[in-house]
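Colleague: Mind having a look at this structure? Questions to follow.
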Amino acid sequence: MRTLLCFSIFCSFAAAKLSYNGFKVFRIENKGSAEELEQSLSSINSILLSKDPNSEAFDIAVPPDQLQAAHQLGFELNTVIDDLGTVLENEGPFLTYIATEKTQGVAADLPPLSYFDSYHPYDEHIQFLTDLQAAFPNNSDTFSLGPSVEGRELPGIHLWGGTGKGVKPAIVWHGTAHAREWISAPTVEYITYKVIEEYQGEDSEIVSILDNYDFYILPIVNPDGFVYTHESERLWRKNRQTRDSQTCIGTDVNRNWPSHWNVSGGSSPDPCSNTYRGEAPGDTPEIQALVAHMLDLANGPGIKAYIDWHSYGKLILLPYGYNCTALPDNYERQMSVGTGVASAIASVNGLEFRVGPTCTNLYQTAGSSTDWAFDVAGAEFSWLIELRPTAAEGGFVIPPENILPSGAEHWAGVKYMFSQL
Ligand code: 0X9
Ligand code: ZN
């Protein structure tokens, strides 16, 4: 799909923030082949938000000047959001986060939970990780990978328990591979906060998990895209990579992992597509940094569990994405733990997360994180979790009142997972 191409409204005001006033979000029930539908949609300028599950429906955002053309395509367009601009207003202002006070040699207080009352700019996420580390000085380090295309760090925090750092197998969490999936970073940060809080509170399960596993947590692995969603286009997905002789910007980092990279149907060779895979496996600096980091872990203490946190759709996706018949050799075990995690999530706020292999449960994806983490990095559990909500409930754009409930439901989910490791 020629998403976010240099067409009139987007291009002439490249420096200004794109307004989504008057954009409508439609759900199109797919009655034929997904490829044909996508092909047809590429003739209008729209933003592909999500193909929902099994490619049976597509969610697209259509700017006001394309509405007529969209209707003329001949599909039944079911309106799920009447005015995206209004929904965006409900994301609310960013409340300024004030760094916690620190005294040399003394553990600082944990950051205030009011951090989760709003979304935050990139720098405040880094400050939050710095503050978590200051509150847990003997059992954590901040670290950064990168740099990204535009020179930013991929900020991370490493947590360990009683046996010291870097010895135990790893649990790895990534957030914000897709720039517009704003609920991802604060959800990951909340569950990180809870690990630290409950370890300090001597909760026996959390003490045991941290004594047996090291955590490597990177809430924002696509920092350039993330900053771009704040400054220019809220619904930007990819990184911000430019390439010689290409006009379109950005590679989908979740199609760029060097595993089953260009399997037909799972990604796009078109630089203008939102699922553009790049020109070669792992040719984005962000994926190169993540691959190097995870290979270090895989070749050292090993990776027990990997979760890549995305939105939206309420899904727990297991390998594989590249092929709908291939299943991981420990499929039964991943499925059984995944089902338990979904029940734990549902027990908090009643939301039902569906569990299953990516390709059959959602759609085919090639070069995606979980296939790589399972096949190459040897993660026993390798999941992509699509957080709340559904398209009709806002999709990528949901009020900040969702952050704490999302955090709480996934804290319950990961606690169940911990109990099964
Ligand atoms: O398309 C994607 O990359 C993911 N969906 S999203 O709406 N967040 O963009 C799904 C990826 C599924 N692949 C893996 N499970 N690895
Ligand atoms: Zn995503």
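Colleague: Once you wrap a convex hull around the alpha carbon atoms of the stretch 334-380, what is its projected area averaged over all directions, in nm²? Before the final figure, lay out the partial values.
Modeller: On the way: hull surface 15.1 nm².
Taking the Cα atoms of the stretch 334-380, their convex hull projects to 3.8 nm² on average.
Colleague: Cα axis of helix 285-299 to longest principal axis of the chain: angle in degrees, 0 to 90, nearest 10?
Modeller: 40
Colleague: Shape of the stretch 307-364 from its Cα gyration tensor (a ≥ b ≥ c, root eigenvalues): rounded if a/c is under 1.5, otherwise prolate when a/b > b/c, or oblate?
Modeller: On the way: a/c = 2.54, a/b = 1.51, b/c = 1.68.
Here the stretch 307-364 falls in the oblate category.
Colleague: When a/c is below 1.5 the answer is rounded, else prolate if a/b is larger than b/c, else oblate, so apply that to the stretch 319-421 with a ≥ b ≥ c taken from the square roots of the Cα gyration tensor eigenvalues.
Modeller: On the way: a/c = 2.12, a/b = 1.41, b/c = 1.51.
Here the stretch 319-421 falls in the oblate category.
Colleague: Additional query: So, R0 is 41 Å and r is the distance between the beta-carbons of Glu393 and Gln288; what FRET efficiency does that work out to, to 0.05?
Modeller: Values: r = 36 Å, r/R0 = 0.87.
E(calc), rounded to 0.05, equals 0.70.
Colleague: Points 7 angstrom from Cα along the Cβ direction at Glu89 and Thr247: gap in nanometres?
Modeller: In this crude label model, Glu89 to Thr247 measures out at 3.5 nm.
Colleague: Something else: Once you have the Cα-Cα distance between Cys324 and Asn212, take 0.36 nm times their residue separation minus that, and quote the gain in nm to one decimal.
Modeller: On the way: separation 112, 0.36 × 112 = 40.32 nm, distance 3.42 nm.
Gain on stretching Cys324 to Asn212: 36.9 nm.
Colleague: Now a separate question. Kindly provide the GluC sites (Glu not before Pro) of the stretch 280-387 that DSSP labels as loop, not H, G, I, E or B, and whose Cβ sees at most 16 other Cβ atoms within 10 Å. Before the final figure, lay out the partial values.
Modeller: Numbers: sites: Glu286, Glu332, Glu352, Glu380, Glu386; in loops: Glu352, Glu380.
Qualifying residues, ordered by number: Glu352.
Colleague: Amide H of Ser311: which non-local residues (sequence gap of 5 or more, or other chain) have their own amide H closer than 5 Å, using H built in the peptide plane?
Modeller: Long-range HN contacts for Ser311: Leu387.
Colleague: Estimate the FRET efficiency between Asn21 and Leu113 by the formula 1/(1 + (r/R0)^6), using the beta-carbon distance for r and 35 Å for R0, to the nearest 0.05.
Modeller: Working: r = 33 Å, r/R0 = 0.95.
Calculated transfer efficiency: 0.60.
Colleague: In this model, which of Lys238/Lys314; Lys24/Lys194; Lys51/Lys194 are farther than 26 Å apart at the alpha-carbon? Each step should come with its number before you reach the end.
Modeller: Values: Lys238/Lys314 21 Å; Lys24/Lys194 38 Å; Lys51/Lys194 33 Å.
Table pairs above 26 Å Cα-Cα are Lys24/Lys194; Lys51/Lys194.
Colleague: On to the next question. Under a cut-off of 12 Å between alpha-carbon atoms, report the aspartates and glutamates in cross-link reach of Lys415, not counting same-chain residues fewer than 8 places apart.
Modeller: Partners found: Glu198, Asp203, Glu205.
Colleague: With an 8 Å Cα cut-off and a minimum separation of 6 or more residues, compute the relative contact order for the chain in percent. All intermediate terms of the calculation are to be shown ahead of the outcome.
Modeller: Values: 931 pairs, mean separation 73.1, N = 421.
After rounding, I find 17 percent.
Colleague: Got a sec? Which residues in the stretch 239-278 would a label at Leu295 touch, if it sits 7 Å along Cα→Cβ and we count backbone N under 14 Å?
Modeller: Once the point is set 7 Å along Cα→Cβ of Leu295, 257-259 turn out to lie under 14 Å by backbone N, inside the stretch 239-278.
Colleague: Right, here's the next one. Would you mind giving the average projected area, over all directions, of the Cα convex hull of the chain in nm² with one decimal?
Modeller: 19.0
Colleague: Now, a different point. Along the Cα→Cβ direction, 7 angstrom out, place labels at Leu421 and Thr142. What is the inter-label distance in nm?
Modeller: 2.4
Colleague: Could I ask something else about it? Can you send over the solvent-accessible area of Ile209, 1.4 Å probe, protein chains only, in Å² to the nearest 10?
Modeller: My reading of the accessible area for Ile209 is about 10 Å².
Colleague: Could you work out the equivalent-ellipsoid semi-axes for the stretch 250-360, taking the square root of 5 times each eigenvalue of the Cα gyration tensor, largest first, in whole Å? Intermediate values should be presented prior to the final figure.
Modeller: Working: eigenvalues 138, 67, 41 Å².
Equivalent-ellipsoid dimensions as semi-axes: 26, 18, 14 Å.
Colleague: Sticking with this structure for a sec: Given a Förster distance of 30 angstrom, what is the FRET efficiency for Ser336 paired with Lys165, based on the Cβ-Cβ distance and rounded to 0.05? All intermediate terms of the calculation are to be shown ahead of the outcome.
Modeller: Numbers: r = 31 Å, r/R0 = 1.04.
That gives a FRET efficiency of 0.45.
Colleague: Still on this structure: Looking at the chain, which longest stretch skips every one of the trypsin sites (Lys or Arg not before Pro) that is in a DSSP loop with at most 13 other Cβ atoms within 10 Å, leaving the sites themselves out? Don't jump to the answer; show the numbers that get you there.
Modeller: Values: sites that count: Lys17, Lys31.
Counting only loop sites that pass the neighbour cut-off, the longest clear stretch is 32-421.
Colleague: Decide, for the stretch 104-221, between rounded, prolate and oblate: order the square roots of the alpha carbon gyration tensor eigenvalues as a ≥ b ≥ c, take rounded if a/c falls under 1.5, and otherwise choose prolate if a/b is larger than b/c, else oblate. Numbers along the way, then the final one.
Modeller: On the way: a/c = 1.67, a/b = 1.42, b/c = 1.18.
Note, shape of the stretch 104-221 comes out prolate.
Colleague: For the chain, set up a Gaussian network in which alpha carbons nearer than 10 Å are linked by springs, and say which option among Phe75, Phe116, Phe353 fluctuates the most.
Modeller: Residue with maximal mean-square fluctuation among Phe75, Phe116, Phe353: Phe75.
The values are calculated or read from the model by the stated rules, or taken from the named source; none is laboratory data. Every value quoted in this text rests on a predicted model; they were computed, and no experiment measured them. In this analysis, Cβ positions are derived from the backbone assuming ideal geometry, glycine residues included, and neighbour counts consider all displayed protein chains. Keep in mind that these areas ignore ligands, DNA and RNA; they rest on the heavy atoms of the full protein, side chains included. Shrake-Rupley method; radii C 1.70, N 1.55, O 1.52, S 1.80 Å.
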